[in-house]
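> First the structure, which I've put down as structure tokens, then a few questions once you've had a look.
The values are calculated or read from the model by the stated rules, or taken from the named source; none is laboratory data. Just so it is clear, the structure is predicted and the values come from calculations on it, not from any experiment. Heads up, the Cβs are rebuilt from the backbone with ideal geometry, glycines too, and the neighbour counts pull from every protein chain shown. With ligands, DNA and RNA removed, areas are computed over all heavy atoms of the protein, side chains included. Shrake-Rupley method; radii C 1.70, N 1.55, O 1.52, S 1.80 Å.
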Amino acid sequence: MQDPRSMSEEDFEKNYLTVVGIVDGPHPERAVQTLEDLLVRACEELAMNDETVINLRMYLGRAMWLSGLSRRAIPILENVLADAEKSLGLEHRVTFSCAGNLCRALGGVGRFEEAINIANAIYTKRIDVFGDLDNGTLNSLGHLSHLMCDSGDIAHATYLMSILYDKRCQAFGKNDDRTRCSWYNLTVMKAELNNNGEPLIELLAQYVAEYGSDHPHTISLSAHLGDLLERIGMTSEALEVWREVEERRHAIFGEVAIPTLNAIGRRLSLQYSLGDDGVLDQIEVVRQTKARITGQAISASLEQ
């Protein structure tokens, strides 16, 4: 591998633009090494509190929590937020982005009270600074809704997501990708709130027709459907859905990747609940593999 310190300025700019797109794509884990290399190169000439370095550190933390590595992301995002506040100011967009990524990482390890407090503060302050229809402000409202959902307050999360959907319709139009994302999330939350899988099945059929069965959004919808079926006691049906999710994630991410391992864990836990005691050793292997990847001890219950 080339020493990142010998990277030319042209290569740095090219890699920077490319990796930012990767972070928010279907494979954020692929961005981590490149971001670390870019940081090594940037710090040859720039201080840690330079805006370019702050952005790189923020994207590194973001790539980590999006990859399921929230525990590793938290100290990175805490430090970069402190530097952003000091060098860029409390009302700078990059500072807000650092705080937003920190609250999502905190939510990823179950520190919901801290995460929700940060998310509430960000949303309120963004309204004051940028207005309620600003894209960043609406992203902050989305963060707050997701954190509420993850914490178990589905009713409040659904309420906030419905507000977000209406505001994005107003700001960007009904067919904008950001608005459609809010509709996707609102459909998922309503299905969970009402224990009704029909809207999920309808949206899943739409996504299969539009994007295909192997698109990440389609697979995520299938995972949500599997969750719902398990919750309402349709365990055998949920097992079949999770088998499909596992197969598709395996094809996209490979076998030893967090999304695939999560699906394997869900499939195995369903088999165990149906009386298959022979999968206990496999469940432990999945748990240990995830622990090695994330660098932390994980409980035996494997989340989606």
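> Determine which aspartates and glutamates satisfy two conditions relative to K174: a Cα distance under 19 Å, and not lying fewer than 8 residues away in the same chain.
Partners found: D132, D134, D166, E202, E210.
> With every atom except the alpha carbons ignored, what do you get for Rg and Dmax of segment 163-224, in angstroms?
Spelled out, the Cα radius of gyration and Dmax of segment 163-224 are 11.8, 31 Å.
> What residue among S162, S145, S87 has the largest mean-square fluctuation in a Gaussian network model of the chain, using Cα springs under 10 Å?
S87
> Once you list every other residue whose beta carbon is under 12 Å from the beta carbon of W242, what net charge do they have if Lys and Arg are +1 and Asp and Glu are -1?
Working: positive: R243, R248, R249, R266, R267; negative: D227, E230, E237, E240, E244, E246, E247.
Local net charge: -2.
> With a cut-off of at most 12 other beta carbons within 10 Å, and DSSP calling the residue loop, which chymotrypsin sites (Phe, Trp or Tyr not before Pro) in segment 187-242 qualify? Please list them. Mind dumping the intermediate values first?
On the way: sites: Y207, Y211, W242; in loops: none.
Passing sites in segment 187-242 do not exist.
> Pop out the carbon and sulfur fraction of the accessible area of segment 169-210 as a percent, whole number, probe 1.4 Å.
Details: 1160 of 2450 Å².
Accessible surface attributable to carbon and sulfur in segment 169-210 totals 47 percent.
> Ok, one more. Report the local net charge at K14: Lys and Arg +1, Asp and Glu -1, summed over other residues whose C-beta lies under 15 Å from its C-beta. If you can, show how the numbers build up before the last one.
Numbers: positive: R41; negative: E9, E10, D11, E13, D37.
Every neighbour counted, the sum reads -4.
> While we're here: Using only DSSP helix segments of four residues or longer, with each worth -39500 (n - 2.57), what per-residue ellipticity at 222 nm results for the chain after dividing by its residue count and rounding to 500? Intermediate values should be presented prior to the final figure.
Working: 14 runs with 230 residues, N = 304.
Dividing the helical sum by the residues of the chain leaves -25000 deg cm²/dmol.
> If you bin every alpha carbon distance in segment 225-280 into 5 Å steps from zero, what whole percent lands in each bin?
P(r) for segment 225-280, in whole percents per bin: 4, 23, 28, 23, 16, 5, 0.
> Also: As a test of the definition: which semi-axes, in Å, follow for segment 25-123 when you take the square root of five times each eigenvalue of its alpha carbon gyration tensor? Largest first, please. If you can, show how the numbers build up before the last one.
Details: eigenvalues 87, 63, 17 Å².
Semi-axes, largest first: 21, 18, 9 Å.
> Is the shape of segment 106-170 best called rounded, prolate or oblate, per the rule: a/c under 1.5 gives rounded, else a/b larger than b/c gives prolate, else oblate, with a ≥ b ≥ c the square roots of the Cα gyration tensor eigenvalues? Spell out each step's value before the answer.
Values: a/c = 2.68, a/b = 1.38, b/c = 1.94.
Oblate.
> Next up: By the scheme Lys and Arg +1, Asp and Glu -1, what is the net charge of all other residues having a beta-carbon under 14 Å from that of A257?
Numbers: positive: R30, R248, R249, K290, R292; negative: E29, E246, E247, E255.
Net local charge, A257 excluded: +1.
> Which of G25, G173, G275 moves most in a GNM of the chain, Cα contacts under 10 Å?
It is G275.
> For q values of 0.11 Å⁻¹, compute log₁₀ I(q)/I(0) with the Debye formula on a Cα-only model of segment 173-304, without solvent.
Listed by q, the Debye log ratios stand at -0.42.
> Between segment 152-225 and segment 1-45, what is the separation of their alpha carbon centroids in Å?
32
> Averaged across orientations, what area in nm² does the convex hull of the alpha carbons in the chain project? It would help to have the intermediate numbers written out before the result.
Working: hull surface 65.9 nm².
Its Cα hull, projected and averaged over all orientations, spans 16.5 nm².
> Any chance you could check the Cα centroid distance between segment 51-100 and segment 124-141 for me, in angstrom?
Segment 51-100 and segment 124-141 have Cα centres spaced 18 Å from each other.
> Let me ask something else. Tell me, what are the semi-axes, in whole angstrom and largest first, of the equivalent ellipsoid of segment 110-235 as set by the roots of 5 times the Cα gyration tensor eigenvalues?
On the way: eigenvalues 138, 71, 24 Å².
Three semi-axes, in Å: 26, 19, 11.
> Something else about it: Can you give me the pair-distance distribution of segment 1-75, C-alpha pairs, 5 Å bins, whole percents?
Pairs per bin, as whole percents: 3, 18, 28, 26, 17, 8, 1.
> Then there is this: Which is the longest run of the chain containing none of the GluC sites (Glu not before Pro) found in DSSP loop states (not H, G, I, E, B) with at most 13 other C-beta atoms within 10 Å?
Between the exposed loop sites, the longest stretch runs 92-254.
> Hey, another quick one. Where is the GNM fluctuation largest for the chain (alpha-carbon springs, 10 angstrom cutoff): L56, L17, L203?
Fluctuation is largest for L17.
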